[in-house]
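Derivation of every value follows stated rules applied to the coordinates shown; laboratory data play no part. All of these numbers come straight from a predicted model, not from anything done at the bench. Cβ sites come from the backbone with ideal geometry, for glycine too, and all protein chains shown count toward neighbours.
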Amino acid sequence: MRHGVRLALDPGDARIGVARSDPGGMLATPLETVRRGPGDLDRIARLVLEHEAREVIVGYPASLSGEEGPAARKARSFAAALARLLAPVPVRLVDERLTTVTAQQQLHAGASLGRRGARGGRARRAVIDQAAATVLLQSALDAERRTGHATGRLVGDGDE
């Protein structure tokens, strides 16, 4: 297992859920939700520096058919822009199918959600975005531990 903090991002149209791992790459935890729009990539770059991340994982909503849909194209474009900004820190696209659904199920099953806050409106969606990034990152960490290799596809110059 490679040593070092990883960040995972679950990019959506309105928000980006962010999670981080511990330096040993064992456990993913929610970090924050970044509002999409001007300055979002700069905020992520600051988080990479602040947490001394060795890698950034971006959720890629692959379709079951193998075709790249609009959400997957947006994620690939986002990851490419981020990779240009963060170089030489590597950015990887990792299949995120069902991470949001899994995160919602886990949050609804947990006793930590009260009648207010995370169950209502914007705050709830922000928590779900962070939880989805956490599910994505934990899955990537577990896969790396099983296989001994980083998961996903490295984003490079050919991506847009």
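Here are some notes:
- For GLU55, nonlocal amide neighbours, meaning residues 5 or more places apart or on other chains whose placed amide H falls under 5 Å from its own, are LEU7.
- HN-Hα J in Hz across the stretch 64-77 - Karplus 6.51, -1.76, 1.60, θ = phi - 60°, x for Gly and Pro: 5, 7, x, 6, 8, x, x, 5, 5, 4, 4, 5, 5, 5
- Each Lys or Arg adds one and each Asp or Glu takes one away; over the other residues whose Cβ falls under 15 Å from the Cβ of ASP42, this sums to +2.
- Neighbours of PRO30, meaning other residues whose beta-carbon lies under 11 angstrom from its beta-carbon, give a summed charge of -2 when Lys and Arg score +1 and Asp and Glu score -1.
- For GLY12, residues with placed amide H under 5 Å, excluding near neighbours: GLY17
- Using the Karplus relation 6.51 cos²θ - 1.76 cosθ + 1.60 with θ = phi - 60°, the per-residue 3J(HN,Hα) values for the stretch 24-41 come to x, x, 9, 10, 9, 9, x, 10, 6, 10, 9, 6, 5, x, x, x, 5, 5 Hz, with x marking Gly and Pro.
- Annotation for SER65 and THR29: the two label points, set 7 Å from Cα along the Cα-Cβ direction, are 4.2 nm apart.
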